[in-house]
Amino acid sequence: PCPRQVRSYYVDWRMLRDVKRRKMAYEYADERLRINAIRKNSILPKELQEVADKEIAALPRDSCPVRIRNRCVLTSRPRGVKRRWRLSRIVFRHFADHAQMSGVQRAMW
Amino acid sequence: KDKSASSEDSTPEGAAKRQEDGPETPKQQLLDIIGGMKVEVSYRKKLQRLKASESKKQAMNKLEGLDSEGSVPQGITEDTQRGKPLNPELVKAASLVASSLPRNKKQTESELLAQLRRHEETTDTQKKGGTINIRNVISEMTIKRQSPAQRAARISGHISLQLEEDGQRRRRERSSAQSMDSKRSLKVGKRLNIFTKASAEPEHALKTVSSPTIWDLEFAKEVAAVTAQPPRNGFEEMIQWTKEGILWEFPIDNEVGMEDDAEFYEHIFLEKHLEGFPKEGPIRHFMELVICGLSKNPYLSVKQKVEHIEWFQKYFEEKKELLQEI
């Protein structure tokens, strides 16, 4: 509803690009699914499948889900990210030690 | 008589005391008084005088000889007394009173006569020693409407009474009686719909259709910011979070936001969407597999499934030339 450009601050540009890729992947998800259904098929003729190959390659690059990287939500760290919390290991440790992670405790056995 | 009436203005039981006085041709005196009375005298005093006269006449009638009636079952006496005409002197008195009043004469007269009849009945039954039959008294009075909530409470109370045993029955009677007797009853008032799903209650507030200007939005925001006090306790905090959507609504509804109006057969039997495809060949085989997969998918809505099938239809139509070469 806002007419002007939305300026929000992501941690860094790489995070912004990752966000864009996720949005595109969401938009093209259905089409990719359908074209892949035609490609990974043993019933339809091969010519049709080759045409489908070309079509899917013609889609924008950022629309494929493979290019998404699960970065840390707070620091944009690409490695060492736990999927359940979407946080990098350093941030996770920081919060857990300050007792700000619900149900997380230092292991001792 | 005037003095006695004025002294005992507040108590209508003054009539009982006057019964002891001997009948001193009250009819003529009363008629003279009423005829000469001014309008300024209150309505109540007149009623009491009428009651006094009526009670004296009843005493006289009883002395003359109503002993033959004896104690007859109440229902019959009440009904016959209704039909029994009032004393003609009373009727005359009532008409004179009504004429002296400035308001509706006929209405006041009929009301006075009705009141007299009622008092006659009550005094008769009291003298005979029987309990007052409230039925007749109430039937003349206007009906006070019960709220449906109270009516439902009473009906449910009755049903529960029938089903349970004696010991529990009395307990339930008392508890239901308490809930009804106390001024604040449990089942009255607007429901909060905390534990039941809020059914589509028609909103009572009028919805004014107007394009909200930016100034209106700003004003609304200001008002909300000023009136929104910080939550005083944990409950209010939880209420605020529920409104915002941070906290789920309890009891947890697994289908929040998922309103699938389609029945199960619309999800499973998708063959009717396959009409645009050729009936034989690899395409049909492929589409039947697609439909089999879609019917087993519980996460998609019927619309999405139909969109999938339609996309395939378009795709294969575009590639028709290609397919015919093969």
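The values are calculated or read from the model by the stated rules, or taken from the named source; none is laboratory data. Computed from a prediction, not measured in an experiment: that's the story for all the values here. Positions of Cβ are backbone-derived with ideal geometry, glycine not excepted, and every protein chain shown enters the neighbour counts. Surface areas here come from the heavy atoms of the whole protein model, side chains and all, with no ligands, DNA or RNA. Shrake-Rupley method; radii C 1.70, N 1.55, O 1.52, S 1.80 Å.
Could you list, in sequence order, all residues of region A:32-56 that are at the interface with chain B (Cβ under 8 Å from one of its Cβ atoms) and not hydrophobic (A, V, I, L, M, F, W, C)? Within region A:32-56, A:Arg34, A:Asn41, A:Pro45, A:Glu47 qualify.
Condition check ((1) facing another protein chain (nearest Cβ under 8 Å); (2) part of a loop (DSSP other than H, G, I, E, B); (3) open to solvent by less than 50 Å² (accessible area, probe 1.4 Å)) across all residues:
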| site | (1), (2), (3) |
| --- | --- |
| B:Tyr265 | no, no, no |
| B:Leu274 | no, no, yes |
| B:Ile283 | yes, no, yes |
| B:Ile291 | no, no, yes |
| B:Ile309 | no, no, yes |
| B:Phe312 | yes, no, yes |
| B:Phe316 | no, no, yes |
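Residues in region B:293-307 that are within 11 Å of another protein chain (Cβ to nearest Cβ) and among the small types (Gly, Ala, Ser): 1 in all.
Among the conditions (1) modelled with pLDDT under 90; (2) basic (Lys, Arg); (3) open to solvent by 60 Å² or more (accessible area, probe 1.4 Å), the only one that B:Lys296 does not satisfy is (1).
Selection of region A:13-31 for residues being among the aliphatic types (A, V, I, L, M) and either within 12 Å of chain B (Cβ to nearest Cβ) or open to solvent by 100 Å² or more (accessible area, probe 1.4 Å) (or both) yields only A:Ala29. If you check B:Val256, B:Val306 for being farther than 29 Å from B:Lys320 by Cα and free of Cβ contacts under 8 Å to residues at least 60 places away in the same chain, only one passes: B:Val256.
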